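Read through the structure below, which is laid out as structure tokens, and then see the notes.
The values are calculated or read from the model by the stated rules, or taken from the named source; none is laboratory data. Not measured: the values here are computed from a predicted model. Glycine gets a Cβ as well: all are built from the backbone with ideal geometry, and neighbour counts include every protein chain shown.
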Amino acid sequence: MKRRFRSRLPAVLSARASALSGAFDASPVRALTAGVLITVLFFFWAGWALWSSNVALVRIGRDDLRIEQLGGTIVHLDEVLTMSARMAAATGDPQWEQRYRIFEPELEAAIAAAMSLAPESVIESGATRTDRANKALVALENRAFHLVQRGDTEGAVRVLSSDTYAAQKKSYAAGVDETMRAIRRRIETDLSAQSRVLLGLLVAAALSLSLLLLAWFAVLRLLRRHLATLRRAQDELDHRVNNTLAAVQSIADLTVAASSSLDEFDETFRGRLSALARMHSAMKNNDWSALGLHELVELSIGPYHGNGERVSISGEAVEIELASLRSVGLSLHELATNAAKYGALSTVSGTVDVSWRVDAGVEGRRLHLTWTESDGPPVAESRRCGFGSRFIEQTVPYELGGDVRLSFPETGVRC
């Protein structure tokens, strides 16, 4: 029987340890999860912001390099076309017209690429001006080529040397220059805006990092408190287990001494262990805090008093601390077991009255609890010195610091 009890004890202790650990694990786990989530979100936001800023800077740099290349290309091709037209007019050689026709599409493509980088306002003004001048220049140059084809090179030279041609060249150059300046201003504006964005990102990142560090500091403090609480809970669990094992050992020793047979020992010992288990369950359900005396009395008498009409329980609200709960509960259990076997609760007419009061004295408040049995069978002489009597008379003075007055009148036990 002892081996069976010991084999179940590790499982019981493991279950209690798991319950205590679970009670303290929820809050730190949530805090740690929140900290990790906030950290991941922060680095995701910081990475996305840096990537977006880098993309914008790369685009600005690419546009700047592209506009420099396009500006040089447009100036070069414009000179190539002008020189080709003038050389054709001066020499009458058709190869210069062929050269003109080769580079003409390249100039148009370069101008179109530059316009794609320009703001809308510049496209509406500068592009119109450049396009008008370009069309006029192309018309004059085509007229010069037509005169060359007819053999009138002098007429072609006059066309390309005219004030009209020079004015259109000037207008064309001014339009291209205006477009290029506008594009560069837009690039500078974008670069300045991106610099402000980067500065804002750095400030936001610094503030966010500071808040993140504070959050992690709070999480670490919570974890330290949790670990300290868990250590205290484990120490408390060890203390309770040791006390419980000592109580079980004491109950077993006293039960063996008072039992005349193995069957009697088995029945009595099981009853006392059940009472101890009920008290532990009540303490666990009450979050290991003090238990009301009324609840403790009902817990101890519960298995014996049926529908409750034969047991009267009265008294003011009193809380029994954990250190005293087991001794008070087992004492009540012994009285209830004795009443159920031999006393008032062993007959249909017997009654039990449990009452208490709290008196304030010089040494502090003291609890006075009275157990009175009535209308039961006459008290036998053999009931005066049983295990229950010895347990109560030893436990109350030594563990509770109280006094016991246990009497056995024929009308029923009074304690």
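What to note about this one:
- Whichever residue in the stretch 293-324 is within 22 Å of V379 (Cα to Cα) and in contact with a His (Cβ under 8 Å, 6 or more places away or on another chain) and, among such residues, is surrounded by the most Cβ atoms within 10 Å (Cβ to Cβ): S300
- Selected residue (criterion: surrounded by the fewest Cβ atoms within 10 Å (Cβ to Cβ)) from residues of the stretch 325-368 that are without any contact (Cβ under 8 Å) to a residue 60 or more places away in the chain and among the hydroxyl-bearing types (S, T, Y): S349
- Members of the stretch 145-174 that are under 17 Å from Y100 (Cα atoms) and among the polar types (S, T, N, Q): Q149, T153
- Residue in the stretch 261-276 that is outside any helix (DSSP H, G or I) and at pLDDT below 80 present: yes
- Selected residue (only one of R270, R232, R278, R224 is buried (at least 16 other Cβ atoms within 10 Å of the Cβ) and either at positive phi or of a type in the set (K, R) (or both)): R278
- Taken over the stretch 366-408, the residue count meeting the criterion of being modelled with pLDDT under 80 and either in a strand (DSSP E or B) or among the basic types (K, R) (or both) is 3.
- Selection count, the stretch 395-415, where residues are surrounded by 14 or more Cβ atoms within 10 Å (Cβ to Cβ) and of a type outside the set (A, V, I, L, M): 8
- Here R357 does not fit the description of being part of a loop (DSSP other than H, G, I, E, B) and modelled with pLDDT of 85 or more.
- Residue count for the stretch 226-253, restricted to those that are farther than 20 Å from I38 by Cβ and under 34 Å from the mean Cα position of the chain (by Cα): 14
- Consider the stretch 85-104 and keep the residues that are outside any loop (DSSP other than H, G, I, E, B) and farther than 22 Å from A166 by Cα. The one that is modelled with the lowest pLDDT is P94.
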